[in-house]
Amino acid sequence: MNKNYVMLKLSDNELHWYVANTCRQEKKIKQRLDSMGIENFIPFQQIARKIHGVDKLIEVPVIPNLVFIHTTLKTCMSLIQEYAFDMRYLRDRETGNFLIVPDKQMEDFKQMMYDFMFLLDFSKEMVEVVNENLKKGDKVRVIKGDFAGIEGELIRVKGHKRVVVRLEGVVSLATAYIPGSFLEKIE
């Protein structure tokens, strides 16, 4: 019997954060997951668009085509096989298993997304989505300011210190400039 299969079977009932890719189905998937009582995270923001010459506020995903689902492996499989959800789970490049986002990383990511959406109301430059291929730096924790408690990597973007929260293989978010005195190095 395949060793990976056995490991997956043992963890069938454990809750994990899985990431799925979908093609412009985020709202529909969120509604279905909510109606099934399955915890999920799909951040949306309102933007102004001209539709048929009329300015309208519409809700769009902050990170297009991604759905974060907190559930068991068994439920993950049933969402596609039994309920015909139109999505594909991201896979870990090394193992080929469904990509799992650790709880702490997901909590930091969710907090940063909430801060991001709040700050978008004030300044489009406070937080930005950055390239996945970032240069690795020191692991840091923000100890002051709007992002206090967030842990990530210290990098430089456009010559300024930023903290990056990275969901490996999924997305990276960078804060705006953060003064060095707001940071502490973590081991």
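The values are calculated or read from the model by the stated rules, or taken from the named source; none is laboratory data. Note that this is a predicted model, so its numbers are computed, not measured. When we count neighbours, we look across all protein chains shown, and the Cβ atoms used for this are built from the backbone with ideal geometry, even at glycine. Calculation scope for accessible area: heavy atoms of the full protein, side chains included, ligands and nucleic acids excluded. Shrake-Rupley method; radii C 1.70, N 1.55, O 1.52, S 1.80 Å.
The distance between label points at LYS139 and LYS104 comes to 0.6 nm (points 7 Å beyond Cα on the Cα→Cβ vector). With a 1.4 Å probe rolled over the protein heavy atoms of all chains, the accessible area of THR95, THR72, THR175 falls in the order THR95, THR72, THR175, largest first. Filter the cross-link list LYS56/LYS110; LYS74/LYS185; LYS28/LYS185; LYS56/LYS139; LYS28/LYS74 down to pairs whose alpha-carbon distance in this structure exceeds 32 Å. Long pairs (Cα-Cα over 32 Å): LYS74/LYS185; LYS28/LYS185; LYS56/LYS139. Spatial offset of the stretch 44-62 relative to the stretch 88-110 amounts to 30 Å, using the alpha carbon center of each.
Note that the stretch 48-119 presents 60 Å² accessible area per residue, ligands and nucleic acids not counted, probe 1.4 Å.
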